[in-house]
Amino acid sequence: MNDARVKSLVYIAGLAPDEGETVAEVFYRDEKHSQSPQLAPDAEGFIWMPDEGFRNAFSYHATAEQIALSAAVQRPIALKCIQEPVPTPAWRSKPSWYLIAEEDRMINPKTQHFMANRMGATTRSLAVDHTPLLSAPQKALDIILEAKQAVSP
């Protein structure tokens, strides 16, 4: 993301660790929601979202069809990748926007506020779940377009 062609960053209910932090440290920073799924690696070290995690936490405002499709096409997370300290993040040098999902059951909204504030991001706080790209796509698009317009010549 430190490529000169990247003019700004937009985080949509995403994790934004700082230099030396791991994704896991940030993810588990604050208390988990009671409906957040238990995530554990399989024998090969991959973490898969259980089907009920999609229905109860990941995309619970989406349609039943969108939830089923998300579960069917998911890609696992390698345990190793969430335990690696990150290098200097691009948000240290690029203007950033952050959509805080106030109804997120995956990443605590308190954690999202912390990350957005720490990065000095232009913040939009909305009553959406963890996947507004499915459940509120226009709201997600609006913040992406805002970021683009702010850095366009």
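Scanning region 53-67 for residues that are among the β-branched types (Val, Ile, Thr) and either part of a helix (DSSP H, G or I) or touching a Gly at 6+ places or on another chain (Cβ under 6 Å) (or both) gives a single hit, 67.
Contact map, region 140-153: first residue farther than 23 Å from residue 102 by Cα, second residue open to solvent by 70 Å² or more (accessible area, probe 1.4 Å), Cβ cut-off under 6 Å, separation 6 or more or different chains; pairs are 151/7. Annotation note: Cβ proximity below 9 Å between a residue of region 51-62 that is more than 14 Å from residue 132 (Cα to Cα) and a residue that is among the hydroxyl-bearing types (Ser, Thr, Tyr) and open to solvent by less than 10 Å² (accessible area, probe 1.4 Å) (sequence gap 6+ or interchain) occurs for no pair. No other residue among 64, 71, 57 is of a type in the set (Gly, Ala, Ser), over 28 Å from residue 148 (Cβ atoms) and in contact with an Asp or Glu (Cβ under 6 Å, 6 or more places away or on another chain) apart from 71.
Here are some conditions: (1) more than 16 Å from the chain's Cα centre (by Cα); (2) open to solvent by 40 Å² or more (accessible area, probe 1.4 Å). Residue 105 meets all but one. Which one does it not meet? Checking residue 105 against (1) more than 16 Å from the chain's Cα centre (by Cα); (2) open to solvent by 40 Å² or more (accessible area, probe 1.4 Å), the one that fails is (1). Starting from residues that are among the charged types (D, E, K, R) and within 19 Å of residue 81 (Cβ to Cβ), keep the ones in region 15-65 and report whichever is surrounded by the fewest Cβ atoms within 10 Å (Cβ to Cβ). Per the criteria, the residue is 44.
The values are calculated or read from the model by the stated rules, or taken from the named source; none is laboratory data. Note that the structure is a prediction, hence the values are computed from the model and not measured. When we count neighbours, we look across all protein chains shown, and the Cβ atoms used for this are built from the backbone with ideal geometry, even at glycine. In case anyone asks, the SASA skips ligands and DNA or RNA and just uses the protein heavy atoms, side chains included. Shrake-Rupley method; radii C 1.70, N 1.55, O 1.52, S 1.80 Å.
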